[in-house]
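The values are calculated or read from the model by the stated rules, or taken from the named source; none is laboratory data. Every value quoted in this text rests on a predicted model; they were computed, and no experiment measured them. Cβ placement follows ideal geometry from the backbone for every residue including glycine, while neighbour counts extend to all protein chains displayed. Heads up: the accessible areas ignore ligands, DNA and RNA and are worked out on the full protein's heavy atoms, side chains in. Shrake-Rupley method; radii C 1.70, N 1.55, O 1.52, S 1.80 Å.
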Amino acid sequence: LCDTVYIHGVDRPSNKYNTNNENSDSYRQISYYGNLNYHRNFDLHDISAVALIYGDQITYKGILQNDVLFHTGLTANYIYNNRYVAEVSLMGIGTRKLTEGNRMELAPGAGLAWIVSGEDFMDNLSFLNWLRLRASFGISKIGRRR
């Protein structure tokens, strides 16, 4: 009976990798997210909406003011006869690092679409099963980090 032992690497003292020294850094992050969805179909109308809330707080070692981001918003879609689409959205983007009274910025958006493939004159085009023309406009905001 013969046993073979292979040694990989070099043994190090356990206190060699102490993370509580001057060069280490740590942070704590607390996040939350929630949303509500609504959808209803009736006759030729289709309505859907989503409301959301998101928060993020990050605490860094040695920094007195935490990074706090807060997002909330609502988006709604309306489709008529599976052909015509209207959508609107409004997001609130906030952070405590902005000046007091100006910590929340709004980011609105709107769009219109025409689902061309739902029209009768598109029925004979077998190579095309989905075609939508869409135009939208929005103002984008980015919550600032450190």
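Quick notes on this structure:
- Dipole check for segment 65-136: with +1 at the C-beta of Lys and Arg, -1 at the C-beta of Asp and Glu, and the Cα centre as origin, the magnitude is about 240 Debye.
- Accessible area per residue for segment 58-146, computed on protein heavy atoms with a 1.4 Å probe, is 70 Å².
- Residues whose placed amide H lies under 5 Å from that of Asp67, excluding near-sequence neighbours: Ile58, Tyr60
- Reported to the nearest whole Å, the Cα centre-to-centre distance from segment 82-137 to segment 48-72 is 26.
- Ranked packing of 47-59, 120-132, most packed first, by mean Cβ within 10 Å: 47-59, 120-132
- For segment 86-146, the share of accessible area belonging to carbon and sulfur comes to 57 percent (1.4 Å probe, ligands and nucleic acids excluded).
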